Amino acid sequence: MLPLDPLRVQEHVHGHVGWLAALALVHPAILLRRTKRKAHLSVVLATLVATLTGVLGVAMYTDYRDKLRQHLFQQAPTMGYLFERKEHLAFGAIFLAWAGALAYFGATRLEGQPQENLRRAAHWSFVAAAVLCIATAVLGTMVAAFKTF
């Protein structure tokens, strides 16, 4: 065994970036409360950090399935199910972040009520994405505290 297991390092990076994504998604959710507010950088960075977290998770999935999943379900089925739900919540958070980003930037090409409607949709997409991402980070931390690679 290596003194620094690359898979454990990747797992820790994934967890830390996941918490950063949760915090990053809160930022556009707050900024976009006012439909006239410009938040280009916040929207882009929050969406990219959330996506990066998902990519890191997907990159570890095969190792999780092969090395950890069976042991996790055998030792504590509840933790196994929490991890499975975490994956679904993470997908929802990323999807909603992208929906919010598309609505936000789509609104820049419009004026009047349609622009305001898209900006409002962007705000609520980021609110929902932040909530799901925070829940994902909490569940991930709980499972990682119980069992890791």
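The values are calculated or read from the model by the stated rules, or taken from the named source; none is laboratory data. On a predicted model such as this, the values are computed, not experimentally measured, just so you know. When we count neighbours, we look across all protein chains shown, and the Cβ atoms used for this are built from the backbone with ideal geometry, even at glycine. Areas reflect the complete protein model, heavy atoms only, side chains present, ligands, DNA and RNA absent. Shrake-Rupley method; radii C 1.70, N 1.55, O 1.52, S 1.80 Å.
Worth pointing out:
- From the list LEU118, LEU96, LEU139, the lone residue that is among the aliphatic types (A, V, I, L, M), closer than 15 Å to LEU45 by Cα and modelled with pLDDT of 95 or more is LEU96.
Residue-by-condition table, conditions (1) assigned to a loop (DSSP other than H, G, I, E, B); (2) open to solvent by 30 Å² or more (accessible area, probe 1.4 Å); (3) touching a Cys at 6+ places or on another chain (Cβ under 9 Å); (4) among the aliphatic types (A, V, I, L, M):
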position: ALA24; (1), (2), (3), (4): no, no, yes, yes
position: VAL43; (1), (2), (3), (4): no, no, no, yes
position: LEU48; (1), (2), (3), (4): no, yes, no, yes
position: LEU52; (1), (2), (3), (4): no, yes, no, yes
position: MET60; (1), (2), (3), (4): no, no, no, yes
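- Test: ARG33 is closer than 16 Å to ALA128 by Cα and either outside any helix (DSSP H, G or I) or in contact with a Leu (Cβ under 7 Å, 6 or more places away or on another chain) (or both): yes
- Counted residues, the stretch 35-57 - those being under 9 Å from the mean Cα position of the chain (by Cα) and at pLDDT below 95: 0
- Residue within the stretch 116-126 that is among the hydrophobic types (A, V, I, L, M, F, W, C), in a helix (DSSP H, G or I) and closer than 11 Å to LEU25 by Cβ present: yes
- In the stretch 120-139, the residue that is farthest from ALA59 (Cα to Cα) out of those that are buried (at least 23 other Cβ atoms within 10 Å of the Cβ) and out of contact with any Lys or Arg (no Cβ under 8 Å at 6 or more places or on another chain) is ALA122.
- Checked against (1) assigned to a helix (DSSP H, G or I); (2) modelled with pLDDT under 95; (3) of a type in the set (S, T, N, Q), THR148 passes all but condition (1).
Yes/no per residue for (1) buried (at least 16 other Cβ atoms within 10 Å of the Cβ); (2) under 18 Å from the mean Cα position of the chain (by Cα); (3) of a type in the set (Lys, Arg); (4) part of a helix (DSSP H, G or I):
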| site | (1), (2), (3), (4) |
| --- | --- |
| ARG65 | no, no, yes, yes |
| LEU68 | yes, no, no, yes |
| HIS71 | no, no, no, yes |
| GLN74 | no, no, no, yes |
| THR78 | no, no, no, yes |
| GLU84 | no, yes, no, yes |
| PHE91 | no, yes, no, yes |
| GLY100 | yes, yes, no, yes |
| ARG109 | no, no, yes, no |
